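In what follows, a single structure is set out as structure tokens and then discussed.
Since every read-out is calculated from the coordinates, none of them should be taken as a lab result. Computed from a predicted model, the values in this text were never measured in an experiment. Reconstructed Cβ throughout: ideal geometry from the backbone, glycine too, with neighbour counts over all protein chains shown.
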Amino acid sequence: MSRVRCSRCKKENAGLAEAPLPNELGRRVFEQTCAACWQEWVGQQLMLMNEHRLDPLNDEHSKFLDDEMVKFLNLD
Ligand SMILES: [Zn+2]
């Protein structure tokens, strides 16, 4: 597994095996996020989805989650 300089925890850590999303955002996550911080986001995302009753298939909700993810992971 490759290592990344993670923009959330600021450490050099084990990265993800592959981009978690099949788009440009997924590529940024892959390049800038360690596997541990990604797991943290997965938990956080579930909380947000429950709290706001979000549907990831809804475009507006999906955009909201993308924005939250960029902030959470501190992506460039
Ligand atoms: Zn990290």
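Details
- Degrees separating the helix 35-52 axis from the principal Cα axis of the chain, which is the longest one: 10
- Segment 11-25 - phi-based ³J(HN,Hα) in whole Hz, Karplus 6.51/-1.76/1.60, Gly and Pro as x: 10, 8, 9, 4, x, 7, 5, 7, 4, x, 9, x, 8, 4, 4
- Debye, to nearest 20: dipole size of the chain, +1 on Lys, Arg Cβ, -1 on Asp, Glu Cβ: 440
- Segment 1-25-segment 35-54 distance, computed between alpha-carbon centres (Å): 17
- 15 Å Cα-Cα reach of LYS71 towards aspartates and glutamates, excluding residues that sit fewer than 8 places from it in its own chain: GLU40
- Prolate/oblate/rounded call for the chain, Cα gyration tensor, a/c under 1.5 rounded: prolate
- Rounded to the nearest 10 degrees, the inclination of helix 59-73 to the longest alpha-carbon principal axis of the chain is 30 degrees.
- Neighbour-limited loop hits for GluC sites (Glu not before Pro), the chain (at most 10 other Cβ within 10 Å; DSSP other than H, G, I, E, B): GLU18
- Partner aspartates and glutamates for LYS63 [C-alpha distance under 18 Å; skip if fewer than 8 residues away on the same chain]: GLU24, GLU51, ASP55, ASP76
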